[in-house]
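Worksheet for the structure shown next.
Read-outs throughout are calculated quantities, based only on the coordinates presented, and are distinct from any laboratory measurement. What you see is a predicted model, and the numbers here were worked out from it, not measured in a lab. Here the Cβ is made from the backbone with ideal geometry for all residues, glycine too, and neighbour counts use every protein chain on show.
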Amino acid sequence: MRFPDRFTAYGRPGQIARKLSLSRRASLLVLPALVALAMVVQWSFGSTGRDLVAIPLAILLVWSALIDHERLLLPDALTYPMIAGGIAWAFQSNAPAPVDSLIGAMAGYGVFALLARGFEKLRGRAGLGLGDAKLVAAAGAWMGWTALPLVALAASGAGLAVTLLTRLADSSGRREKVIAFGPYLSAGFWLVWVMAH
């Protein structure tokens, strides 16, 4: 089966893990370790009725965060299944209501895509990618549109805190110009989803 080029911007789903610049041993340890940590948070604070759904969601979020951190890219092969899974979850669980899930997916993508376009027009360079918009769309699909401000606030706060701490600790005077936002969006998405139920 052939996938469209934009679906395979990073590679086919089976190739994604192999393309990480992390060593094979680290790749084999980091993903399951972070997923296990995410599941500990779910089991501690979340609803037990969602545990089985939480496992694939945690895997996709952690995988997306690792790839974006390494390559500054959120692959469609991971974000699209998250969006579809969130909408399917809404129809199955009715929490959020299916209409809220659909609105959340459209609003999440639309607002972040407009922000990305506006930043690019204003600054003459890309600030957010459409992969970020698709990840926010996934958050809207899983939790409804009302959760999106909390996800954005949690992600922005975490990203700002880590950036400030990194710059304070950097004695070389070098400043990183490009920061992957996907890991912070993934963390904000997960925390809000766990704490909301």
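Dimensions of the stretch 89-197 along the principal axes, based on C-alpha atoms and rounded to the nearest Å, stand at 52, 31, 16, largest first. Across all directions, the average flat footprint of the convex hull enclosing the Cα atoms of the stretch 95-152 is 3.4 nm². Per-peptide packing, taken as the mean over residues of other Cβ atoms within 10 Å, places 77-83, 52-58, 135-141 in the sequence 135-141, 77-83, 52-58 from highest down.
Shape analysis of the stretch 51-131 yields a ratio of the Cα radius of gyration to the Kirkwood radius, Rg/Rh, of 1.04. Kirkwood hydrodynamic radius computed over the stretch 31-96 comes to 12.7 Å, based on all pairs of distinct alpha carbons. Karplus-based coupling profile of the stretch 157-162, in residue order and whole Hz: x, 5, x, 5, 4, 5, with θ = phi - 60° in 6.51 cos²θ - 1.76 cosθ + 1.60 and x standing for Gly or Pro.
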